[in-house]
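Chemist: Structure provided below as structure tokens; questions to follow.
The values are calculated or read from the model by the stated rules, or taken from the named source; none is laboratory data. Please read these numbers as outputs of a predicted model, since none were measured by experiment. Here the Cβ is made from the backbone with ideal geometry for all residues, glycine too, and neighbour counts use every protein chain on show. Surface areas here come from the heavy atoms of the whole protein model, side chains and all, with no ligands, DNA or RNA. Shrake-Rupley method; radii C 1.70, N 1.55, O 1.52, S 1.80 Å.
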Amino acid sequence: MKILIFNTPEEAAARVAAQITTTVQQNPEARLGLATGGTMPPVYCHLVQAHERGEVSFARAVSFNLDEYVGLAPTHPCSYHSFMQAELFGQTDFAPQNTHLPHGDAPDPTAESLRYEALIADQGGVDLQLLGIGPNGHIGFNEPSSSLASRTRVKTLTQATLQANRPYFDHGEKPPQYAITMGIGTILEARAVVLLATGAGKAQVVAEMIEGPLSAACPASSLQMHPQVTVVLDQAAAAALKHRAYYHTVHPEGREDAA
Ligand code: F6R
């Protein structure tokens, strides 16, 4: 794992956005795996700005989001479709037919999961997968105990995840209990992965992911098995790492030129 620790969350988000931009500049038809959640808007803001400056076009890029709530139509304001439209797709030149998310309102969510998994494979897989991490170690909505070989499927969300996502729903409206998510096996097939975690609330789980045992108890620890993972952190999210000094030696303040 390449572990980059930046002084601020802003610098960390900029580093992640730069990797996405470079990937698309090098291959305008790149297939991007995208994520939602509170950590991602600063990344998408950088992508929008790079697009506005004329540095990158997403017109031929293809995207696959990690997950969507079961029962929410794409037009629902709390759906991940709506999130992506507001934060990225609606502000750049992504072609609507090239942006993919699971359909949360599909009549048969299991059949929809199989369709989504097959679609990713048919399009040649994901070149760069963007990830966040849940405080319980989930990636996508692969909650603790998820098979490390799992494929896209319906998952029941934990109470902790429901609690964390409640603020995104209107007062009185409960977050759905189920989601369609890429599996851990699906995620691990991406050619490269970049995971962003910021803030003190992620410090403990980041240490488990990087330095803990490989275990379904912390689904993100499965990334230890992937040969091309970059973990991008701010100081607060890196605070519980035992080998922090070593990571700083290899990449001082997140710099990659020294290695
Ligand atoms: C979102 C997703 C989740 C989030 C994770 C962190 O598409 O797959 O795994 O990345 O829950 O969420 P935030 O960024 O809100 O802490």
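Chemist: How big is the accessible area of CYS218 in square angstrom, nearest 10, if you roll a 1.4 angstrom probe over the protein chains?
Modeler: So the heavy atoms of CYS218 present about 10 Å² to solvent.
Chemist: With a point put 7 Å past each Cα toward its Cβ, work out how far GLN159 is from ALA18 in nm, to one decimal.
Modeler: Result for the modelled spin labels: 4.3 nm.
Chemist: Run the dipole for region 2-252 about the Cα centre, Lys and Arg Cβ at +1, Asp and Glu Cβ at -1, nothing else charged, and hand back the magnitude in debye, nearest 20.
Modeler: That gives region 2-252 a dipole magnitude of about 540 debye.
Chemist: I'd like the accessible area for ARG151, computed on protein heavy atoms only with a 1.4 Å probe and all protein chains in place. Round to 10 Å², please.
Modeler: 90
Chemist: I would also like to ask the following. At a 1.4 Å probe, what is the % contribution of carbon and sulfur to the accessible area of the chain?
Modeler: Ligands and nucleic acids excluded, carbon and sulfur give 54 percent.
Chemist: Restricting to DSSP loop positions (anything but H, G, I, E, B) with no more than 11 other Cβ atoms inside 10 Å of their own Cβ, which trypsin sites (Lys or Arg not before Pro) remain in region 5-102?
Modeler: Loop-located and lightly packed - ARG53.
Chemist: Shifting gears a bit: Excluding ligands, DNA and RNA, what is the solvent-accessible area per residue of the chain at a probe of 1.4 Å, expressed in Å²?
Modeler: 43
Chemist: Please report, largest first and rounded to whole Å, the three semi-axes of the ellipsoid equivalent to region 8-94, where each semi-axis is the square root of five times an eigenvalue of the C-alpha gyration tensor.
Modeler: The three semi-axes for region 8-94 are 22, 15, 11 Å.
Chemist: Treating cross-link reach as a plain straight distance, find the lysines whose alpha-carbon is under 30 Å from the alpha-carbon of LYS155, omitting any fewer than eight places away in the same chain.
Modeler: LYS2, LYS174, LYS202
Chemist: A follow-up question, please. Compute the orientation-averaged projected area for the chain from the convex hull of its Cα atoms and round it to one decimal in nm².
Modeler: Average projection, Cα convex hull of the chain: 12.9 nm².
Chemist: Using only alpha carbon pairs under 8 Å that are at least six residues apart, calculate the relative contact order of the chain and give it in whole percent.
Modeler: Value for the chain: 25 percent.
Chemist: A further question on this structure: Counting only protein chains, not ligands or nucleic acids, how are ILE187, ILE210 ordered by accessible area (probe 1.4 Å), most first?
Modeler: Sorted by accessible area, descending: ILE210, ILE187.
Chemist: DSSP loop chymotrypsin sites (Phe, Trp or Tyr not before Pro) in region 58-120 with at most 10 other Cβ atoms within 10 Å of their Cβ, which ones?
Modeler: Within region 58-120, no chymotrypsin sites (Phe, Trp or Tyr not before Pro) qualify (loop, at most 10 other Cβ atoms within 10 Å).
Chemist: Gap in Å between the Cα centre of region 1-79 and the Cα centre of region 154-205?
Modeler: When both Cα centres are located, 16 Å separates them.
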